[in-house]
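The values are calculated or read from the model by the stated rules, or taken from the named source; none is laboratory data. Since we're looking at a predicted model, the values are computed, not measured. Cβ placement follows ideal geometry from the backbone for every residue including glycine, while neighbour counts extend to all protein chains displayed. Keep in mind that these areas ignore ligands, DNA and RNA; they rest on the heavy atoms of the full protein, side chains included. Shrake-Rupley method; radii C 1.70, N 1.55, O 1.52, S 1.80 Å.
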Amino acid sequence: MEKVLFLKPYFSHTIWGGKRLREEFGYDEPGDDIGECWGISAHPAGESIVMGGEFDGRKLSELWSGHRELFGNAEGDRFPLLIKIIDACDDLSIQVHPDDAYASIHENGSLGKKECWYVLDCPEGGEIVAGHNASSKEEMESMIDNGEWDAFIRKVPVKPGDMIQIDPGTVHAITAGVCVLETQQSSDITYRLYDYGRLMNGAPRQLHTAQSKDVIIVPDLPSEDRIKSFQGDGKPGITELISCDKYTVSRVICDSEMSFETDADFLCATVIKGEGSVFDTRVVKGSHMLITKEGAEKVLLKGNMELIVSRT
Ligand code: ZN
């Protein structure tokens with residue numbers, strides 16, 4: 001069995017995108033509006049394609065359907081995770097996601113969306129939107145109806161190395177200059193709550209006010225329950241960043257050679273700094289890979305690099 005499948009990402013071009021994904025991560029993608037790199041995806045809106053090896057050219061979703069042994073025969077009608085690098089050159093709209101139960105009923109059987117962001121880079125004094133300040137459902141609805149956005153939206157300071165968990169029902173937005181690695185459920189259901197009154201091609205983008213009000217959680221969590229800092233000292237080893245019912249995400253720092261064992265059905269891995277090799281295949285910053293069941297039993301790394309690794 002192959003131990004690792006290297007993946008060719010899908011890129012999404014957006015009004016808030018930029019050039020950093022090409023210039024800093026080395027992706028061969030044209031355009032100055034690159035917003036998202038979907039590095040590990042079996043979502044129909046943007047699929048990863050295997051590069052090299054026995055499964056060269058195959059979609060990740062095809063392997064999930066036809067070669068479940070690669071994934072430890074994990075259960076599920078679809079590959080559960082989606083790993084993205086998001087580069088915001090401008091503010092993203094303020095949004096909120098449904099949970100599985102709401103999405104299943106109102107969004108044609110889609111999964112809900114729980115996600116988390118590991119901050120790769122951000123401006124000095126950077127802030128993101130995570131949460132709101134309404135204390136009751138009535139207050140939430142009236143603040144939205146009256147456009148009291150400054151009072152409603154909660155901005156929190158972020159630094160590189162922060163991990164932010166965005167549960168379904170959390171009002172959130174990435175802001176200009178912030179670059180994150182996002183680990184999420186494989187879903188594309190987003191309710192746009194507020195778009196700063198911006199126009200695209202002369203018209204405002206569609207808002208989903210009613211759905212947003214349905215799913216926003218009131219009252220909100222304290223910010224300290226949502227954000228954890230992992231600046232660290234850069235020492236080699238494995239640090240768990242977040243663990244919830246949908247995923248566990250860790251940071252792995254390798255400074256020469258290391259191996260680690262897991263009982264995961266499969267691992268999603270992205271190199272976020274440096275270069276080296278995974279099972280003797282060369283990888284660089286920006287490389288995305290799926291480590292199969294057999295590989296996940298004992299992962300071998302060499303080089304000077306940092307990876308974000310996730311599992312279900
Ligand atoms: Zn989101």
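Of the residues in region 67-74, none is closer than 27 Å to P204 by Cβ and out of contact with any Pro (no Cβ under 8 Å at 6 or more places or on another chain). Looking across region 123-146 at every residue that is of a type in the set (G, A, S) and surrounded by 15 or more Cβ atoms within 10 Å (Cβ to Cβ), the one that is farthest from the ligand (Cβ to nearest atom) is identified as A134. Given the condition within 16 Å of the ligand (Cβ to nearest atom), assigned to a strand (DSSP E or B) and under 26 Å from I272 (Cα atoms), answer yes or no: does some residue in region 51-65 qualify? No, there is no match, as no residue in region 51-65 is within 16 Å of the ligand (Cβ to nearest atom), assigned to a strand (DSSP E or B) and under 26 Å from I272 (Cα atoms).
Filtered by the rule that a residue be under 30 Å from P168 (Cβ atoms), assigned to a strand (DSSP E or B) and in contact (Cβ under 8 Å) with a residue 40 or more places away in the chain, region 239-260 gives L241, I242, T248, V249, S250, R251, V252.
Among the residues making up region 46-66, those that are exposed (fewer than 15 other Cβ atoms within 10 Å of the Cβ), of a type in the set (G, A, S) and within 25 Å of K285 (Cβ to Cβ) are G52, G53, G57.
For region 123-236, the strands (runs of 3 or more DSSP E) that sit wholly inside it and include 2 or more residues that are under 23 Å from I83 (Cβ atoms) are 127-132, 162-166, 179-185, 191-194, 227-229.
Only one entry in V215, V252, V180 is in contact with a Pro (Cβ under 9 Å, 6 or more places away or on another chain) and within 15 Å of the ligand (Cβ to nearest atom), namely V215. Scanning region 101-122 for residues being within 16 Å of the ligand (Cβ to nearest atom) and part of a loop (DSSP other than H, G, I, E, B) gives a total of 6.
In region 185-202, what residues are touching a strand residue (DSSP E or B) at 6+ places or on another chain (Cβ under 9 Å) and open to solvent by less than 40 Å² (accessible area, probe 1.4 Å)? Those that are touching a strand residue (DSSP E or B) at 6+ places or on another chain (Cβ under 9 Å) and open to solvent by less than 40 Å² (accessible area, probe 1.4 Å): Q185, S186, S187, Y191, L193, D195. Each residue in region 67-100 was checked for being within 14 Å of the ligand (Cβ to nearest atom), in a loop (DSSP other than H, G, I, E, B) and open to solvent by 10 Å² or more (accessible area, probe 1.4 Å), and 3 pass.
Would you pick out the residues in region 283-310 that are open to solvent by 40 Å² or more (accessible area, probe 1.4 Å), outside any loop (DSSP other than H, G, I, E, B) and under 15 Å from K3 (Cβ atoms)? Correct list: K293, E294, E297, L300, K302.
Taking the numbered list (1) of a type outside the set (G, A, S); (2) buried (at least 17 other Cβ atoms within 10 Å of the Cβ); (3) within 16 Å of the ligand (Cβ to nearest atom) in turn, R205 passes all entries but (2).
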